[in-house]
Amino acid sequence: MKTYRPYEPDQMLLLPPSIKEWLPAGHLAHFISETVERLDLNAIRSAYEREARGYPPYHPVMMTKVWLYAYSVGFTSSRKVERLLVEDVGFRMLAANNRPDFRTLADFRKRHLVALAGLFLQVLKLCRKAGLVKLGHVAIDSSKMKANASKHKAMSYARMNDEVERLKKDIRKWFEEADRVDAEEDALYGPDKRGDELPEELRDAEKRKKKIEEALKELEREAKEESKKRREKIEAMRQEDRKAARNMKKLPSTPRPGAQKNFTDPDSRIMPASGEKTSFIQAYNCQAAVDGQAQVIVAVDVTQSTTDYDFAVPMVEQVKANMGKLPRKATMDAGYFSAKTVRELEALRVDPYISPDRHKHGQAIPAVSRGRIPRGLSAKDLMHRKLRTKRGRVVYAMRKAIVEPVFGQIKQARGLRQFLLRGLAKVKAEWTLICATHNLLKLWRAKSAKAAFQAA
């Protein structure tokens with residue numbers, strides 16, 4: 001008769017007396033718990049200390065640990081976190097067997113979202129103290145992250161105008177019909193009604209018309225701002241390259257017929273998917289500056305723009321604001337290149353390596369011919385020559401190994417491909433929280449590797 005290993009589903013077990021012993025030493029949940037105890041949570045705690053009445057809330061330190069752990073392992077849904085607080089040992093250990101419901105979890109994140117995002121700087125300082133940030137080489141890149149909205153819920157400027165006109169006609173028609181049958185309405189609605197209430201479909205149409213008109217005004221405002229920025233850029237280009245400026249087409253101050261606004265998340269935009277320029281998604285453009293020492297994110301931002309060239313200098317300046325000093329070198333792809341950007345980075349004494357042209361994935365930059373640099377070269381030609389030197393090719397090749405894997409670790413390894421929150425301000429805070437947990441994971445792995453090396 002075949003012998004099997006013992007299997008007794010009804011066997012009573014005696015769990016360890018300490019809930020912390022449910023997980024092995026060095027587990028991520030233990031690291032999150034110990035790290036949060038070291039962080040300054042006064043911005044969260046103070047909100048409760050001012051409340052004199054009400055039922056005692058869940059401990060803010062426990063709730064912070066749960067949410068940081070959730071984002072670290074790729075869960076952003078409060079309903080999923082509620083389930084994991086019952087089913088997952090790591091969550092149960094961090095919550096000390098507390099089981100807040102999804103509404104409580106969601107309300108905590110909503111109430112303290114800015115404070116949770118503010119932990120990014122504290123975690124970054126811990127990374128620097130651990131020697132994971134050197135600022136010798138910072139690579140900057142962007143990735144399109146799906147918004148919590150469908151692109152099918154967007155409407156173009158031209159269609160909005162057509163829809164407003166159609167709704168006006170429908171509303172006028174319904175009013176005319178209401179006047180014609182006014183006598184029958186008394187009998188239809190009964191004595192407790194005035195008989196002049198608008199029908200449900202009319203009320204919905206009025207709401208829809210109002211919403212579309214608001215979207216039209218927003219598109220017109222954005223078009224005027226874009227036109228102003230375009231004129232300023234053309235004027236700047238005239239000063240350095242009049243021929244290029246003459247070839248630029250002036251943008252009209254009214255929205256393009258195809259300009260769209262989404263009704264679910266109006267702040268999001270239709271953008272080409274990262275890596276798939278032929279497909280489009282309703283998204284935000286997420287920026288990250290990554291240090292070359294250990295792929296720690298040192299600056300973050302979220303924009304509504306599909307292009308990146310305006311964000312190179314602000315991202316470098318944010319690195320200085322976060323870390324107290326500028327990086328020595330900064331590498332970026334062609335989306336960030338402009339003569340103005342190169343000049344401003346050099347004025348900050350940051351050595352820029354920015355490709356003026358897009359290259360196919362894996363395509364190597366050709367070597368430069370030796371000899372004296374010709375006079376009168378444009379900023380684009382000078383950058384071409386710089387990237388084709390032996391040093392330039394080596395430095396720029398490092399960009400892909402520094403910043404691009406970070407987006408893969410966030411999107412692919414952790415599964416964070418779409419924002420849960422809506423609106424630019426909330427999305428910025430959520431992206432900052434995602435990047436803070438990325439840095440937490442880097443710190444945890446570095447400490448785990450160090451402990452393993454010392455034990456060997």
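Quick one: count up the residues across segment 71-122 that are without any contact (Cβ under 8 Å) to a residue 24 or more places away in the chain and touching a Pro at 6+ places or on another chain (Cβ under 9 Å).
Residues that pass the stated criteria total 2.
Output the number of residues of segment 324-350 satisfying the condition of being of a type in the set (Val, Ile, Thr) and within 17 Å of Ile402 (Cα to Cα).
Selection size over segment 324-350: 1.
Just to verify a result, which residue in segment 304-323, among those that are outside any loop (DSSP other than H, G, I, E, B) and in contact (Cβ under 8 Å) with a residue 60 or more places away in the chain, is farthest from Met145 (Cα to Cα)?
Step by step, filter segment 304-323, then rank; the result is Met323.
In segment 1-47, how many residues are within 21 Å of Lys450 (Cβ to Cβ) and either without any contact (Cβ under 8 Å) to a residue 24 or more places away in the chain or in contact with a Lys or Arg (Cβ under 8 Å, 6 or more places away or on another chain) (or both)?
Matching residues across segment 1-47 total 8.
Since every read-out is calculated from the coordinates, none of them should be taken as a lab result. Note that the structure is a prediction, hence the values are computed from the model and not measured. Neighbour counts are summed over all protein chains in view; Cβ atoms, including those assigned to glycine, are modelled from backbone coordinates with ideal geometry.
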